[in-house]
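Q: I have a structure I would like to understand better, so I am pasting it below and will then ask my questions one at a time.
Each value in this text was obtained by applying a stated rule to the coordinates, not by laboratory testing. From a predicted model like this one, the values you see are computed outputs, not experimental measurements. Using ideal geometry, Cβ is built from the backbone for each residue, glycine included, and neighbour counts are taken over all protein chains shown.
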Amino acid sequence: MKRRLSQDPENTEINVSPLIDLVFILLIFFIVATSFVNEVGITPKHKDTASASTNMEEPLAFDLPASGQLVRDGVTIGIEQVAPIVRSSTGDKAPSVLVRVSPGARAGLATEVMDQAMLGGALAVKLSALNQ
Amino acid sequence: MTGSDTNDINVSPLIDVVFILLIFFIVSATFVTLPGIEVARPRAVTGKALEKNAVIFALSSDNEIKYAGSTVQLEEVPGLVQLASKDKGKPVVIQVDQWADASVLAKLIAEARKKSSDVSIATRKPSA
């Protein structure tokens, strides 16, 4: 009581320095722990085969053999032809695309085919592996 | 000028700002587990921004599946997805190297799809 009376009221404040230290450490921890994962990517969606009754039509199939080519109905085509093929079949029905890959095909090419198919308006894109 | 103690800078606004920053970082922190390798992503023009809070797998150029810094087998993938997503249905992101085997990628997507309905392939912009 005597001490409080003898000093200014400002001097009776709580010492906040340890609080600030602690808060700064927490702040730095959360800044460092926040991982800024900003991925862009494609999401190949394919319809659930059990529920889709309209899925009777044959999907557009593209084959990727181990030779690194892109084959549609037995004919080797270029990557830039995928989108027009998908788009030209969009007229009557929403196309679903099947990309059949053989062991040895590049994942980069398979991703580009799926990307081009989605560019062409494909609603469902499925990647399936052929066992040889 | 009643004493040297009263000449302190007023730290209350500083504490306010620091607290606001702290709360921002706590709220925005989404502790994702990174696969631990860097891959050469394939280019895609239709790539969209993916969910940040995802279960991330990587497929290296020598066809190894990486998760949280270690190599995992294909059969372990559904269990890891379920464990990491804690029944909240987190999406799965696969960082695939463009020189990886596409059949391994297809199998990895099929395995991940058993436990998550949203499986994406990480790509990069065509210009990058």
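Q: What length, rounded to one decimal in nm, is gained on full extension from B:THR71 through to B:LEU21, with 0.36 nm per residue of separation minus their alpha-carbon distance?
A: 14.3 nm
Q: Compute the length gained on full extension between A:THR34 and A:ARG87: take 0.36 nm times their separation in residues and subtract their Cα-Cα distance, giving the result in nm to one decimal.
A: The span from A:THR34 to A:ARG87 would gain 14.9 nm if fully extended.
Q: B:VAL93's amide H: which non-local residues (gap 5+, or another chain) put their own amide H closer than 5 Å, with H modeled 1.01 Å from N in plane and none for Pro or chain starts?
A: Amide H to amide H, under 5 Å and 5 or more residues apart or across chains, B:VAL93 pairs with B:VAL55, B:ILE56, B:PHE57, B:SER120.
Q: As an exercise, find the ratio Rg/Rh for the stretch A:60-129 from alpha-carbon atoms, using the Kirkwood inverse-distance average for Rh.
A: Here Rg/Rh amounts to 0.94.
Q: Is there a simple number for the mean count of other chain Cβ atoms within 10 Å of the Cβ of residues in B:38-45, and what is it?
A: Mean partner shielding for this stretch: 5.
Q: Further question on the same structure: Under a 10 Å cutoff between Cα atoms, tell me which one of B:GLN98, B:GLN82, B:GLN73 has the largest fluctuation in the Gaussian network model of chain B.
A: B:GLN73
Q: Could you please tell me the mean projected area of the C-alpha convex hull for the stretch B:55-122, averaged over all directions and given in square nanometres to one decimal?
A: 3.9 nm²
Q: When only alpha-carbon atoms are used, what values of Rg and Dmax, in angstrom, describe the protein assembly as shown?
A: 27.1, 100
Q: Can you compute the radius of gyration and Dmax for chain B, using only the Cα atoms, both in Å?
A: In Å, with Rg to one decimal and Dmax whole: 21.8, 80.
Q: By Kyte-Doolittle mean hydropathy of at least 1.0 and Cα axial length of at least 20 Å, which whole DSSP H helices of chain B are selected?
A: B:12-28
Q: In nanometres, what is the gap between the two model label sites at A:VAL16 and A:VAL75, each 7 Å from Cα along Cα-to-Cβ?
A: Here the answer is 7.6 nm between the modelled labels.
Q: Test of understanding: ordering B:ILE9, B:ILE37, B:ILE56, A:ILE25 by Cβ neighbours within 10 Å, fewest first, what list do you get?
A: Listing B:ILE9, B:ILE37, B:ILE56, A:ILE25 from fewest to most nearby Cβ atoms yields B:ILE9, A:ILE25, B:ILE37, B:ILE56.
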